[in-house]
Amino acid sequence: MTYRVKRQKNKECDSRGLQFIHAALEELKANPDKLDIIKNNCNVFKQQPFLKKGLLLAVERFEWVFEVDDNIDRIVAQVLADDYIGKRIRRYPLLFKGVVSD
């Protein structure tokens, strides 16, 4: 009988993406007009013909959050929530590209 060895995730890479998301959310709180950048990123990803299913689901979930309202505090709370939508969105920090300007 053989046993499978489970590979552990690279925690350093995950924490780096999470740090970027937190920085982007802080920038979004400071400048709510940057919400248009995230919406534009979602539109750009949806237009790509060959997109990973997981990223497409994350874009759709983000659009669900936007349809509720454009209140920054609620959007931030939903992204940081420990539910299905929050986890799905946090899996793809590329959605926040252009929000943080170093």
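The values are calculated or read from the model by the stated rules, or taken from the named source; none is laboratory data. What you are looking at is a predicted structure, and each value in this text was computed from that prediction instead of being measured. Please note: Cβ atoms are built from the backbone with ideal geometry, for glycine as well, and neighbour counts cover all protein chains shown.
Against the criterion of being modelled with pLDDT of 90 or more and among the acidic types (Asp, Glu), ASP73 qualifies.
On the stretch given as segment 43-56, residues that are over 11 Å from the mean Cα position of the chain (by Cα) and in a helix (DSSP H, G or I) total 7. Quick one: what pairs do we get from segment 50-74, first residue among the charged types (D, E, K, R), second exposed (fewer than 12 other Cβ atoms within 10 Å of the Cβ) and in a helix (DSSP H, G or I), C-beta under 9 Å, 6+ apart or different chains? Between residues of segment 50-74 that are among the charged types (D, E, K, R) and residues that are exposed (fewer than 12 other Cβ atoms within 10 Å of the Cβ) and in a helix (DSSP H, G or I), the close pairs are ARG61/TYR84; ARG74/VAL68. Among the residues making up segment 57-79, those that are of a type in the set (Asp, Glu), over 19 Å from GLY98 (Cα atoms) and part of a helix (DSSP H, G or I) are GLU60, GLU67, ASP73. Is one or more of the residues making up segment 8-17 in contact with a Lys or Arg (Cβ under 8 Å, 6 or more places away or on another chain) and of a type in the set (A, V, I, L, M, F, W, C)? Scanning segment 8-17, I find no residue that is in contact with a Lys or Arg (Cβ under 8 Å, 6 or more places away or on another chain) and of a type in the set (A, V, I, L, M, F, W, C), so the answer is no.
Conditions tested, residue by residue: (1) modelled with pLDDT of 90 or more; (2) of a type in the set (Ser, Thr, Tyr); (3) touching a helix residue (DSSP H, G or I) at 6+ places or on another chain (Cβ under 8 Å).
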residue	(1), (2), (3)
LYS46	yes, no, yes
LEU51	no, no, yes
GLU60	yes, no, no
VAL65	no, no, yes
ASP69	no, no, no
LEU80	yes, no, yes
ILE89	yes, no, yes
PHE96	yes, no, yes
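Taken as a whole, the condition of being surrounded by fewer than 13 Cβ atoms within 10 Å (Cβ to Cβ) and in a helix (DSSP H, G or I) does not apply to ASP82.
The number of residues in segment 85-102 being within 10 Å of the chain's Cα centre (by Cα), surrounded by 14 or more Cβ atoms within 10 Å (Cβ to Cβ) and either among the aliphatic types (A, V, I, L, M) or part of a helix (DSSP H, G or I) (or both) comes to 8.
Looking only at segment 58-72, residues that are among the aromatic types (Phe, Trp, Tyr) and crowded, with 19+ Cβ neighbours inside 10 Å come to 1 in all.
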